[in-house]
1. Any of 111/177; 167/204; 122/205; 128/167; 177/205; 122/207 with alpha carbons more than 25 Å apart? Name them for me.
2. Once amide H atoms are built 1.01 Å from N in the peptide plane, which residues 5 or more positions from residue 184, or in another chain, come under 5 Å H to H?
3. From the phi of every residue in region 167-183, what ³J(HN,Hα) in whole Hz does the Karplus formula 6.51 cos²θ - 1.76 cosθ + 1.60 yield, where θ is phi - 60° and glycine or proline is x?
4. Given H placed on each backbone N at 1.01 Å, which residues far from residue 170 in sequence or on other chains put an amide H within less than 5 Å of it?
5. Relative contact order for region 100-230: what percent, with Cα pairs under 8 Å and sequence separation of 6 or more?
6. How large is ³J(HN,Hα), in whole Hz, for each residue of region 131-140 in order, when computed from phi with the Karplus curve 6.51 cos²θ - 1.76 cosθ + 1.60 and θ = phi - 60°, using x for Gly and Pro?
7. In a Debye calculation with equal point scatterers on the alpha-carbon sites of region 100-230 and no solvent, what is log10 I(q)/I(0) at q = 0.18 Å⁻¹?
8. HN-Hα J couplings of region 204-216 from phi, Karplus 6.51/-1.76/1.60, θ = phi - 60°, integer Hz, Gly and Pro as x?
Amino acid sequence: MGQCGVISSKTVLVFLNLFFWAAAGILCYIGAYVFITYDDYDHFFEDIYTFIPAMVIIAVGTLLFVIGFIGCCATIRESRCGLVTVFSAVLLLVFATEVVVVVLGYIYRAKVEAVVNHSIQKVYNEYKGTNTDAPSRAIDYVQRQLHCCGIHNYSDWMNTHWFNESKNNSVPVSCCKPIISNCTGTLMRPGDLYPEGCEVLVVKKLKDIMLYVLLAALTFTAVQMLGLLCACVVLCRRGHDPDYELLVSTGIDA
């Protein structure tokens, strides 16, 4: 009976730590995805704080992987001190994540629109229409991906240096709808162009990314609280049920 209690309690803790590993992998994946997505839109914001959410997610995932590894070792080696240290670290990590979530939720979502509004006109004025130019690639990428044209609409291109220098009365072909064949971007056929501007869609995209980060962090917090609850149940049961010993010293009778 006692041996069965030992095995069952250790199994619960091992699975909890494996669960932490899985959560760590998911968090790192989300962080990498957010980081890569930010990189596609980095010309539309200049402040470094916009990369903080991705870095926080990756850092938390890495720490969680280490915590899961230490927890597995402590469980297998039956180190009560190690287990207490692990779950204390998890508790601190949960608290830190909650603080970061609150800070990012207020700071980033409040500033993203103002940052994009400030920088998008500058990026469009730097457009040169060549693949070797970073702002040009960024604008063409955004217009194709978000199905938009110009800042507010395609007519904004008429106020850019590229339009005045090219003098061909057309916008970049990245403004063309994909269903239109042989589209040259001419303003003589506005029906071939995306009618919506990019500013609103870029802001929405960046806010959606921030929302994914917040949801990931909150989900992580819920998962860790569940893990802590299970661990507390196991540890408390050890203190009240002699047949449910957590740590084996020697000579436990079946």
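Please treat every number below as a calculation from the coordinates, not as lab data. These numbers were taken from a predicted model, which means no experiment stands behind them. Here the Cβ is made from the backbone with ideal geometry for all residues, glycine too, and neighbour counts use every protein chain on show.
1. 111/177; 167/204
2. HN-HN under 5 Å from residue 184: empty list.
3. 3J(HN,Hα) across region 167-183, in whole Hz: 6, 10, 6, 9, 10, x, 5, 5, 7, 6, 5, x, 7, 8, 8, 6, 7.
4. Amide H neighbours of residue 170: 187.
5. In percent, rounded to a whole number, it is 27.
6. Listing the rounded values in order: 6, 7, 9, 4, x, 5, 5, 5, 5, 4 Hz.
7. Results for region 100-230 at q = 0.18 Å⁻¹ read -0.94.
8. 4, 4, 5, 5, 5, 4, 4, 5, 4, 5, 4, 5, 5
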